[in-house]
Amino acid sequence: MSELGWGVLAAGTLILFLITGMPVAFALGSVAIVFLLIVDGPSSFNVIAETLFGGLDEFALLSIPMFLLMGAAVAASRAGADLYEALDRWLYRVPGGLLISNIGACGVFAALTGSSPATCAAIGKMGIPELRKRGYPAGLATGAIAAGGTLGILIPPSITMIVYGISTETSIGRLFIAGLLPGMMLTLLFMAWAWLYAYAKGYRFTEENKSFSLKEKLVILPKVIPFLIIIVLVLWALYGGVATPSEAAGVGAFFAIMHYSVI
């Protein structure tokens, strides 16, 4: 069989595996291994081992579990609840203030986790019940969280950017810089849309007799400041050339665990 024929057969087999619902990684791996054995015989096992090791022997990959660990440490603490409460206290009288609070919290949390599912899970479990309790439609409540969650893939440190940078040998720091401004713009646009939509629909869902004094608004800020300092330090280390992504992720995870294990 010609090389083109083997390629078509491998592509057809891969599509068949994917249709069955097999995870993409296992489908790609199994098809590649089977066809290597068919074409080159048992000697291809050496190539498989070298390829697997070469793909994993990348120091930058260490940043992925470190950023996930940093996000998990924050998600397991009251940091997300404090951030959400701080935004709610400052925006509770703004039309759609709770929507804006959710999107803002998603944007800030995305800067720690680098993961869209983690952002949705952390903010959604607090935000959606509050939105539904205030009378917001279910579609609007879930839509705000879903839109805010997409920021996790764009705002640095994005895990997807790390994988892409390693695969294409592109500077991860440059990718992070490229995603910072669009991520901030998208966050502001989401918040502006939430305000305009809520204003047009007349959503002013605030609890009766609910009011926060300036002191109450300020007293919540110290709980959020460490949360923001970690983000600023990690980004400064990355963009300032002080540390590699893996080193910055490790230091960020260390400080997140140390701080949030104390509180």
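Here are the numbers:
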read-out	value
Cα long-axis angle, helix 79-91 against the chain (0 to 90 degrees, to the nearest 10)	40 degrees
Protection proxy ranking, peptides 146-154, 4-12, 61-69, 180-188, average beta carbon neighbours within 10 Å, highest first	146-154, 61-69, 180-188, 4-12
Dimensions in Å of region 3-57 - Rg and Dmax from alpha carbons	12.0, 33
Contour minus Cα-Cα distance for Leu28 and Ser213 (0.36 nm per residue)	60.8 nm
0 to 90° range, to nearest 10: angle between helix 159-168 axis and the chain longest Cα axis	30 degrees
Relative packing of peptides 106-112, 238-244 - highest average C-beta neighbours within 10 Å first	106-112, 238-244
Top positive-direction residue, dipole computed over the chain with Cβ charges, set Leu189, Leu98, Ala27	Leu98
Semi-axis lengths, Å, the chain, gyration tensor of Cα atoms, sqrt of 5 times eigenvalues	43, 23, 15
Burial order of peptide ranges 94-105, 130-141 (average beta-carbon count within 10 Å, highest first)	94-105, 130-141
Stokes-Einstein translational diffusion, region 61-195 - Kirkwood Rh over all Cα pairs, 0.692 mPa s, 37 °C, in µm²/s	220 µm²/s
Cβ-derived FRET efficiency at R0 25 Å, Ile229 paired with Tyr197, nearest 0.05	0.15
Helix axis angle, 3-19 relative to the chain longest principal axis, alpha carbon, degrees	40 degrees
Potential extension, Arg134-Ser167 segment - 0.36 nm per residue separation minus Cα distance	7.3 nm
Simple spin-label estimate for Met258 and Met185 in nanometres, 7 Å along Cα-Cβ	3.8 nm
FRET efficiency for Arg93 and Trp236, using Cβ-Cβ distance with R0 set to 35 Å, rounded to 0.05	0.55
Gain on full stretching of the segment that runs from Ile15 to Val47 - 0.36 nm per residue minus C-alpha separation	9.1 nm
GNM result for the chain, Cα springs below 10 Å: residue of Asp82, Asp57, Asp40 fluctuating most strongly	Asp40
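Readers should treat all values here as calculations from the given coordinates under stated rules, not as data from a laboratory. The shown structure was predicted, so the numbers you read here are calculated from the model rather than taken from an experiment. Glycine gets a Cβ as well: all are built from the backbone with ideal geometry, and neighbour counts include every protein chain shown.
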